[in-house]
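Trainee: To start, I am sharing the structure in question, which I have written as structure tokens.
The values are calculated or read from the model by the stated rules, or taken from the named source; none is laboratory data. Quantities reported herein were computed from a predicted structural model and do not represent experimental measurements. In this analysis, Cβ positions are derived from the backbone assuming ideal geometry, glycine residues included, and neighbour counts consider all displayed protein chains.
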Amino acid sequence: MSILCTICARGNSKGLKNKNIKNLNGKPLIFYTIDQAIKSKIFDKIVVSTDSEKIRNLAVKFGAISISLRSKSLANDTAPKINVIKNLHHESEDYFNKNFEYIVDLDVTSPLRNVNDIRLSYKSFIKNKSDNLFSVSDAKKNPYFNMVEFKNGKIQKVKSHKKIINSRQQAPLVYEMNASIYIWNKKTLFSKNPLFRKNTFLYNMPYNRSIDIDTPDDWELVKYYMKKNDDI
């Protein structure tokens, strides 16, 4: 079986400017994801999709492969990431003249994952013969208990339940997608519904490995946990 690792890193990030190449503890952010992918030793190829020549050069320097620069249609704010991954898979099969049956996407903005997270999530995916798997963490807020929305002219809970729920402990367990690891088989990736399937599995990660960098505050929090881990 052939396993492709995809890493998507756009040049013009909005929430935190140039975050994919911004130095985090002395190394560009993209370094950590490429390094984890290499150290996991499960991938046949590790490829990066970017619209930035600078990111492309760094990715190659750190050990990944960049086949070509991303097209403008896949580099704008509204382009779905799933389309970028599909395009990168097509390019990789053509470039390497190889069929990649499994695809693992690692998000650059989740550098706190570790190598074992990659290995164990893939092991779970294979063991359960999954269509796909994605990583999550326990949700800090629960839509059955303490999340509300404005709907039909009034404020109400996001999710209703047939039972009266008076505490978080009584609410159904829910998870947050932490945007760290996504795994598909090829057939599922190119299906009409590649994310939520009957045979979708989750890989649960603790909060301190699940922070997705979108804002300057997220950046500082990741720095804190990285330093804390180094101290330990």
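Trainee: What do you reckon, is residue 226 among the aliphatic types (A, V, I, L, M), at pLDDT below 95 and either within 21 Å of residue 142 (Cα to Cα) or in the same structural domain as residue 126 (by TED's automatic domain parsing) (or both)? Walk me through how you get there before you give the answer.
Mentor: Working: among the aliphatic types (A, V, I, L, M): yes; at pLDDT below 95: yes; either within 21 Å of residue 142 (Cα to Cα) or in the same structural domain as residue 126 (by TED's automatic domain parsing) (or both): yes.
Answer is yes for this residue.
Trainee: Residue pairs, Cβ under 6 Å, 6 or more apart or interchain, first in segment 53-75 and without any contact (Cβ under 8 Å) to a residue 24 or more places away in the chain, second small (Gly, Ala, Ser) and in a helix (DSSP H, G or I). List them.
Mentor: 66/59
Trainee: Could you say which residue among 33, 6 is among the polar types (S, T, N, Q), crowded, with 24+ Cβ neighbours inside 10 Å, assigned to a helix (DSSP H, G or I) and in contact (Cβ under 8 Å) with a residue 40 or more places away in the chain?
Mentor: Values: 6 fails: assigned to a helix (DSSP H, G or I).
Being among the polar types (S, T, N, Q), crowded, with 24+ Cβ neighbours inside 10 Å, assigned to a helix (DSSP H, G or I) and in contact (Cβ under 8 Å) with a residue 40 or more places away in the chain holds for just one of 33, 6, which is 33.
Trainee: Okay, moving on. Output the residues belonging to segment 36-70 that are within 26 Å of residue 223 (Cβ to Cβ) and part of a loop (DSSP other than H, G, I, E, B).
Mentor: The answer is 52, 62, 63, 64.
Trainee: Which residues, counting only those in segment 162-195, are part of a helix (DSSP H, G or I) and farther than 30 Å from residue 34 by Cα? Give the steps one after another, and end with the answer.
Mentor: Just the residues of segment 162-195 that are part of a helix (DSSP H, G or I), to begin with: 168-170, 186-189.
Listed by number, the residues that qualify are 168, 169, 170.
Trainee: Give the number of residues within segment 124-164 that are at pLDDT 80 or above and β-branched (Val, Ile, Thr).
Mentor: Residues meeting the conditions: 4.
To keep it simple, each residue is scored yes or no on (1) touching an Asp or Glu at 6+ places or on another chain (Cβ under 7 Å); (2) small (Gly, Ala, Ser).
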{"site": "66", "(1), (2)": "no, yes"}
{"site": "71", "(1), (2)": "no, yes"}
{"site": "75", "(1), (2)": "yes, yes"}
{"site": "91", "(1), (2)": "no, no"}
{"site": "94", "(1), (2)": "no, no"}
{"site": "101", "(1), (2)": "no, no"}
{"site": "128", "(1), (2)": "no, no"}
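Trainee: Please go through segment 176-232 and give me each residue that is among the aromatic types (Phe, Trp, Tyr) and within 26 Å of residue 129 (Cβ to Cβ), ordered by number.
Mentor: Step one: filter segment 176-232 for residues among the aromatic types (Phe, Trp, Tyr), giving 182, 184, 190, 196, 201, 203, 207, 219, 224-225.
Residues satisfying the conditions are 182, 184, 190, 196, 201, 203.
Trainee: Given the structure, is residue 202 out of contact with any Cys (no Cβ under 9 Å at 6 or more places or on another chain), assigned to a strand (DSSP E or B), surrounded by 12 or more Cβ atoms within 10 Å (Cβ to Cβ) and not β-branched (Val, Ile, Thr)? Before you say what the answer is, go through the steps one by one.
Mentor: Details: out of contact with any Cys (no Cβ under 9 Å at 6 or more places or on another chain): yes; assigned to a strand (DSSP E or B): yes; surrounded by 12 or more Cβ atoms within 10 Å (Cβ to Cβ): yes; not β-branched (Val, Ile, Thr): yes.
Here the answer is yes, as residue 202 does meet what is asked.
Trainee: Consider segment 113-169. How many of its residues are small (Gly, Ala, Ser), over 16 Å from the mean Cα position of the chain (by Cα) and under 13 Å from residue 202 (Cα atoms)? Write out each step before concluding.
Mentor: Just the residues of segment 113-169 that are small (Gly, Ala, Ser), to begin with: 121, 124, 130, 135, 137, 139, 153, 160, 167.
Adding the requirement that they be over 16 Å from the mean Cα position of the chain (by Cα) leaves 124, 130, 139, 153, 160, 167.
Within this subset, residues satisfying the condition of being under 13 Å from residue 202 (Cα atoms) are 124, 130.
Of the residues in segment 113-169, 2 are small (Gly, Ala, Ser), over 16 Å from the mean Cα position of the chain (by Cα) and under 13 Å from residue 202 (Cα atoms).
Trainee: Sticking with this one: Do you know which of the residues in segment 1-15 that are among the polar types (S, T, N, Q) and over 17 Å from the mean Cα position of the chain (by Cα) is farthest from residue 45 (Cα to Cα)?
Mentor: In the first step, residues of segment 1-15 are kept if they are among the polar types (S, T, N, Q); the result is 2, 6, 12-13.
When the remaining residues are screened for being over 17 Å from the mean Cα position of the chain (by Cα), the result is 2, 12.
Working: 2: 9, 12: 26 Å.
Ranking the candidates gives 12 first.
Trainee: Is segment 116-123 home to any residue that is assigned to a helix (DSSP H, G or I) and touching a Phe, Trp or Tyr at 6+ places or on another chain (Cβ under 6 Å)? Give the derivation first.
Mentor: So in segment 116-123, the residues assigned to a helix (DSSP H, G or I) come out as 116-123.
Subsequent filtering for residues that are touching a Phe, Trp or Tyr at 6+ places or on another chain (Cβ under 6 Å) retains 121.
The answer is yes; a qualifying residue exists.
Trainee: State which residue is surrounded by the fewest Cβ atoms within 10 Å (Cβ to Cβ) when the search covers only segment 13-30 and only residues that are in contact (Cβ under 8 Å) with a residue 40 or more places away in the chain and part of a loop (DSSP other than H, G, I, E, B). Break it down into steps so the answer makes sense when it comes.
Mentor: Within segment 13-30, the subset in contact (Cβ under 8 Å) with a residue 40 or more places away in the chain is 14-16, 19-20, 22, 24-25, 29-30.
Next, only the ones that are part of a loop (DSSP other than H, G, I, E, B) stay: 14-16, 19-20, 22, 25.
Details: 14: 9, 15: 12, 16: 17, 19: 23, 20: 26, 22: 14, 25: 13.
It comes out as 14.
Trainee: Okay, moving on. Determine which single condition residue 73 fails, assuming it passes every other condition in (1) out of contact with any helix residue (DSSP H, G or I) (no Cβ under 7 Å at 6 or more places or on another chain); (2) at pLDDT 95 or above.
Mentor: Failing condition for residue 73: (2).
Trainee: Filter segment 90-137 for residues that are over 20 Å from residue 190 (Cα atoms), of a type in the set (Val, Ile, Thr) and surrounded by 22 or more Cβ atoms within 10 Å (Cβ to Cβ) and give the result.
Mentor: Correct list: 108, 109, 118.
Trainee: Tell me, yes or no, whether segment 72-81 has at least one residue that is of a type in the set (A, V, I, L, M) and surrounded by fewer than 16 Cβ atoms within 10 Å (Cβ to Cβ).
Mentor: Step one: of segment 72-81, the residues of a type in the set (A, V, I, L, M) are 74-75, 79.
Filter once more, keeping what is surrounded by fewer than 16 Cβ atoms within 10 Å (Cβ to Cβ): none.
No, every residue in segment 72-81 fails to be of a type in the set (A, V, I, L, M) and surrounded by fewer than 16 Cβ atoms within 10 Å (Cβ to Cβ).
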